[in-house]
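Have a look at the structure below, then the notes.
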Amino acid sequence: MPADSKLRDRRRSSRLGRSVDALTSADRLRRYMAKTGMTLAGQRLWTASEIKHLRRCYPDYRRACAALPGRTLNAIKSKALRLRITRPLRIWPDDNLKRLKEPYRQGVPMCELMALFPGKTAKQIWGRAAYSGWRRPRKPPKPTGLIADDTVKAKAFACKLTQRDLDDLAGTRGYFLRRPSRTNWKNINKAVELLEGSMSFVWSNDKEAPL
């Protein structure tokens with residue numbers, strides 16, 4: 001028999017041997033898991049009862065965790081994915097994105113946007129807009145009923161400063177992040193100086209006196 005023919009026979013025999021070894025190993029592994037209820041890594045196999053509970057509870061993961069106390073949240077999510085019971089990804093068609101862009105950037109209320117796109121949640125709309133880099137118009141600060149505070153906040157808003165920016169830059173330690181019950185004139189003065197303004201008193205004779 002030619003040498004090259006012998007070499008081919010040895011290779012064929014070697015591949016056959018490896019295939020037989022693999023089948024034997026797989027069969028041994030199945031018998032081990034059936035006997036112990038564990039994988040070789042020591043992980044507990046899912047039972048038919050657990051899978052039934054998962055199918056019944058999905059997509060309420062909190063309820064699934066309560067029904068399956070021996071399973072972690074990650075394990076439950078992974079099993080749901082392998083069982084193919086997870087919700088499919090919601091793809092936004094190009095025409096829907098075009099319809100969403102301008103109303104979202106103009107500040108149309110979220111309830112109206114959800115009505116424009118039935119089946120979409122507010123979280124999905126925010127997520128898609130954030131992914132596209134769209135921003136909502138800034139909302140003016142809510143009035144407090146304190147004239148000095150509201151005036152300062154309105155000026156900061158006009159200067160494109162957030163209330164956190166105003167508080168950090170003026171060093172007022174959270175004053176402009178809260179809803180004060182009374183005006184703190186020291187903090188107001190710091191903010192006015194930051195915004196390059198000045199305060200004055202208005203007397204009953206309508207004359208102004210610089211503070």
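Things worth noting here:
- Selection status of Ala67, among the small types (Gly, Ala, Ser), closer than 21 Å to Gly37 by Cα and either free of Cβ contacts under 8 Å to residues at least 60 places away in the same chain or not assigned by TED's automatic domain parsing to the domain that holds Thr36 (or both): yes
- Count of region 72-130 residues which are under 30 Å from Lys52 (Cβ atoms) and hydrophobic (A, V, I, L, M, F, W, C): 8
- The residues of region 101-115 that are touching a residue at least 24 places away in the same chain (Cβ under 8 Å) and either out of contact with any Pro (no Cβ under 8 Å at 6 or more places or on another chain) or on the phi < 0 side of the Ramachandran plot (or both), listed by number, are Lys101, Tyr104, Arg105, Gln106.
- Of residues in region 70-81 being part of a helix (DSSP H, G or I) and free of Cβ contacts under 8 Å to residues at least 24 places away in the same chain, the one surrounded by the most Cβ atoms within 10 Å (Cβ to Cβ): Ile76
- Answer residue from region 150-186, given it is among the polar types (S, T, N, Q) and farther than 28 Å from Pro137 by Cβ and is nearest to the chain's Cα centre (by Cα) among those: Ser181
- Residue check for Glu50: over 30 Å from Gln163 (Cβ atoms), acidic (Asp, Glu) and part of a helix (DSSP H, G or I): yes
- Number of the exception - Pro180 against (1) assigned to a helix (DSSP H, G or I); (2) farther than 30 Å from Trp92 by Cα: (1)
The values are calculated or read from the model by the stated rules, or taken from the named source; none is laboratory data. The structure displayed is predicted, hence computed values, not measured ones. Using ideal geometry, Cβ is built from the backbone for each residue, glycine included, and neighbour counts are taken over all protein chains shown.
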